[in-house]
1. Can you give the extra length, in nm with one decimal, that the chain gains between residue 22 and residue 112 once fully stretched, where that is 0.36 nm per residue apart less the Cα-Cα distance?
2. Using a Cα-Cα cut-off of under 28 Å, which lysines could be cross-linked to residue 132, ignoring same-chain neighbours fewer than 8 residues away?
3. Compute the signed sum of charges (Lys and Arg +1, Asp and Glu -1) over the other residues within less than 15 Å, Cβ to Cβ, of residue 96.
4. Subtract the Cα-Cα distance of residue 119 and residue 69 from 0.36 nm times their separation in residues, and report this length gain in nm to one decimal.
5. Using mean Cβ contacts within 10 Å as the protection proxy, how do 59-70, 94-105, 42-53, 27-38 order, highest first?
6. Kindly give the semi-axes, whole Å and largest first, of the ellipsoid equivalent to region 44-148, taking each as the square root of 5 times a Cα gyration tensor eigenvalue.
7. Where in region 110-148 is the amide nitrogen less than 13 Å from a point lying 7 Å along the Cα-to-Cβ axis of residue 97?
8. For residue 137 paired with residue 35, estimate the spin-label separation in nm (one decimal), with each label point 7 Å from Cα along the Cα-to-Cβ line.
Amino acid sequence: MERPIMTVAEAQEASALPCARAVHLDPGTPASPEQQALPAAVAKKPVAQKGPAEWAYERLILYIRSFEEQLDATQEVAMGFTGSAAGVLRIEGIGYFDPDLVTFYGRDESGVKTQLIQHVTQLNVILRAVPKAVTDDAPRRIGFRLAADLGGEPAPQAPAPQPA
């Protein structure tokens, strides 16, 4: 297959734009991060200027926020780690250290403070809906706090949880 001829500006723009796609069985499924435009704060810095850890961190935030939007009031987001016996981590924070490390902060199923430091080449996570840790409080929505941090704005209120 032959590549189309591009101007320098077109080539630079094309190299900076991320490629993504998703297809869901149910057409009523809410749009996933691959199907949405990048938030302005994320798109502001070209992908080519981001380290692998920064780019992974930003996209993880988008996935977590999208996952949380689908949870009901009795659930919170947690992460399972593929290929590991580490169990499940209730997400309390995420960070990165360029060029190649992503860090997850939280608590395990027993409530023990936990931190996972993972190289971006080993990054495989499963987002899981788990029962809220404290049943009389509102569910904690870390994805909305993380997304607000991307744009340097105060954390917006999470959408009203879906009924159980």
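1. Roughly 28.8 nm would be gained on extension.
2. Within reach: 113.
3. Result for the neighbourhood of residue 96: -2.
4. Value of the extension gain: 15.3 nm.
5. 59-70, 94-105, 42-53, 27-38
6. Ellipsoid semi-axes (Å, largest first): 24, 16, 11.
7. It comes to 116-120, nothing else.
8. So the label points at residue 137 and residue 35 sit 3.3 nm apart.
Bear in mind these aren't lab numbers, they're just calculated from the coordinates by the rules spelled out. Treat the numbers as computed from the prediction; the structure is a model and nothing was measured. Methodologically, a virtual Cβ is constructed for each residue, glycine included, from the backbone with ideal geometry; neighbour enumeration extends over all protein chains shown.
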